[in-house]
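To keep things clear, I will list the structure first and then write my remarks on it.
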Amino acid sequence: MREEVVVRVGAKILVPFIIMFALYVHFHGDYSPGGGFQAGVILAAAFVLLALVYGLEAVQRVLPPWFTRMCAALGVLIFAGVGVVTMLLGHNYLGYNALAPDPTHPEHGQHYGILLVELGVLVTVFGVMVTVFYLFAGRGRENS
Amino acid sequence: MSAHLPILQVVVPLLAAPLCAFLRNARAAAVIAVLASWATLAVALSLLGDVMSAGVISYEIGDWAPPLGIEYRVDIVNAWVLVIVSTIASVVAPYMITSVEDEVERRRIPLFHAAYLLCLAGLLGITITGDVFNVFVFLEISSLSAYALIAMGTRRRALTAAFRYLVMGTVGATFIVIGIGLLYVMTGSLNMADLAVLLPEVWDSRTVKVAYGFLGVGCCLKLALFPLHLWLPNAYAFAPSAVTAFLASTATKVAVYMLLRFFLTIFGAPFSFGVMGLDRVLLPLALAAVVTMSLVAIFQVDVKRLLAYSSVAQIGYMVLGLSFASVTGLTATLLHLFNHALMKGALFMAMGCVVYRIGSVHIDAMAGLGKRMPWTMAAFVVGGLSLVGVPLTVGFVSKWFLILGALERGWWPVAVVVLLASVLALVYVWRVVEAAYFRPAGGDEGTREAPWRLLVPTWVLVGANLYFGIGAARTARVAERAAEVLMTGVGP
């Protein structure tokens, strides 16, 4: 598809919007359907689209495989880390009330807590999705 | 910090796993894995101590009160299983360092340790949680990482073995989640203690009985009860040695715990034995497992496969204890969880030493090894005696309680079958001993004893076989109290 001008330009225009939409789905997840998992999949889809149109090598220059693997691990660390932080702040594991900036309204902590935890989900899902895509798309290339 | 022990039990390995994945250095990842495993053992032991003296511990995740929130609930039963899993983990993790360097591609070693820690976190999570949906989530964590661990075996057939386990394991997990879903429909609750209170009102409904069936078959697939064991022999035979030692002594044990939890705590002993007739279903299956799988084990030429079939037979003993529907029978089951973990751990670790030196566990390749690897084969002999159930080993203690349970019910033919199966175990252990000690050595003259880094963990487990075999009173007391908790339903 590298020769198709319409597809190349179309993909270039679409990718920033896809990434934007992924972030919207993440940050708006507590008001409307969505959340970290869906956002991670959409974010990964942006890079899959680029890889389909511009080729695997071009995308791997921007998003190297070692980085996506790191993401897969980093997300778990963020999720579990939030729990450890709330524990150190004197609440139970994942007791988001500990994260409220204003102690008179502890329930605000729930908002920040869920966003942080879902950020961890986003990072891991994105990392795993792209890694799985790289592995399948790159099959047989090492030998040929 | 001691109030947070229940969650630390799971979070320590869960946090250590991504750390291992970050590191490119195999040694550093291995050190993290060892330290995390030891930390889980420390937590488990202190939890068991607390539960023995102060009763049930409840921990509310995210400060949400149960039954709405997720609760971690530790009683004697799961504290006991936590100790089993983390003990094996702390012995296998140091063993893994050397064994894995030999058997797994170097660049994959950090990821191997990450997968091991995830598997450990999953197994501990299944055990400690008081929420049935949480059980399913942790079951998937432990199973998926187990498939990856098995697939890292040296031979290509490890991949098909892992895939077969994946298909069977996924069917099992799906059945479990269907059962959980049906329970949720009937009661509107996912909390185990809450379910135990709500379920007696809807005992008569067909949905609950169907849920019981789904949960039973799902758990039995995961614990490899005959005839649902087909995934197990290949998975154990082709996995890396350290993985076999770890999974054989933890994964099926946790599945047995899951079965006990669902059937005795959530549905309750009156429903299981009174309404559903669980004892009549499990008794023939358990006996069939014990006899046929011991017979099949006798004809194996690959010793890891031989031990795998023997594992299916030993699982039969655990289920047999449950089918007695008595405190003595359950004591035998719970004791055998621990004792079988000790003996199979020691045996598979001894086989790992053999693989490390001669690269094969074919019975002919092991001819004359008794002279060349005296410590390794001595470990196998002690482990094997324990498997047979010779006095002064842990195997004897389990069989003692099992036969006691059978006689208590007046089922003396069952006791005879248990004794006969011990003879069968003697036959398959003897085949290996005969090859190692009484056949002339062939092949490479230069085969030396395994390195001490493998031998020390192996002998720690061998020592535990003897220590808990001679001084069985402590383990028996814990198992007996745990059995009472299970038979009487939810504790205070």
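The values are calculated or read from the model by the stated rules, or taken from the named source; none is laboratory data. Only a predicted model underlies this, so the values are computations on that prediction, with no experimental measurement involved. Neighbour counts run over all protein chains shown; Cβ positions are idealised from the backbone, glycine included.
Numbers below:
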quantity: First in region A:62-73 and more than 12 Å from chain B (Cβ to nearest Cβ), second anywhere and at pLDDT below 90 and surrounded by 13 or more Cβ atoms within 10 Å (Cβ to Cβ), Cβ under 9 Å, 6 or more apart; calculated: A:PRO65/A:GLY138
quantity: Looking only at region B:155-175, and only at residues there that are surrounded by fewer than 16 Cβ atoms within 10 Å (Cβ to Cβ) and of a type outside the set (A, V, I, L, M, F, W, C), the one that is farthest from B:ALA245 (Cα to Cα); calculated: B:THR174
quantity: Which listed residue is within 14 Å of another protein chain (Cβ to nearest Cβ), part of a loop (DSSP other than H, G, I, E, B) and of a type outside the set (Gly, Ala, Ser), from A:ASN92, A:ASN97; calculated: A:ASN92
quantity: Residue that is away from chain B (no Cβ under 11 Å), closer than 22 Å to A:ALA22 by Cβ and not hydroxyl-bearing (Ser, Thr, Tyr), where the choices are A:HIS105, A:HIS111; calculated: A:HIS111
quantity: Only one of B:LEU402, B:LEU486, B:LEU454 that is crowded, with 24+ Cβ neighbours inside 10 Å, touching a residue at least 60 places away in the same chain (Cβ under 8 Å), over 18 Å from B:HIS340 (Cα atoms) and within 20 Å of the chain's Cα centre (by Cα); calculated: B:LEU486
quantity: Out of B:LEU41, B:LEU23, sole residue that is over 27 Å from A:GLY109 (Cβ atoms) and away from chain A (no Cβ under 14 Å); calculated: B:LEU41
quantity: Qualifying helices (runs of 4 or more DSSP H) (wholly inside region B:131-244; at least 2 residues being among the aromatic types (Phe, Trp, Tyr)); calculated: B:132-151, B:157-187, B:206-223, B:232-238
quantity: Odd one out for B:GLY384 among (1) under 25 Å from B:TYR317 (Cβ atoms); (2) in a loop (DSSP other than H, G, I, E, B); calculated: (2)
quantity: Some residue of region B:286-303 being within 28 Å of B:ALA464 (Cβ to Cβ), part of a helix (DSSP H, G or I), in contact with a strand residue (DSSP E or B) (Cβ under 9 Å, 6 or more places away or on another chain) and among the hydrophobic types (A, V, I, L, M, F, W, C); calculated: yes
quantity: Any hit, region B:116-129, residues being touching a strand residue (DSSP E or B) at 6+ places or on another chain (Cβ under 6 Å) and either within 14 Å of chain A (Cβ to nearest Cβ) or not in a helix (DSSP H, G or I) (or both); calculated: yes
quantity: Hey, B:VAL81 modelled with pLDDT of 90 or more and more than 14 Å from every other protein chain (Cβ to nearest Cβ) or not; calculated: yes
quantity: From the options A:VAL76, A:VAL84, residue that is within 8 Å of chain B (Cβ to nearest Cβ) and either over 21 Å from the mean Cα position of the chain (by Cα) or among the polar types (S, T, N, Q) (or both); calculated: A:VAL84
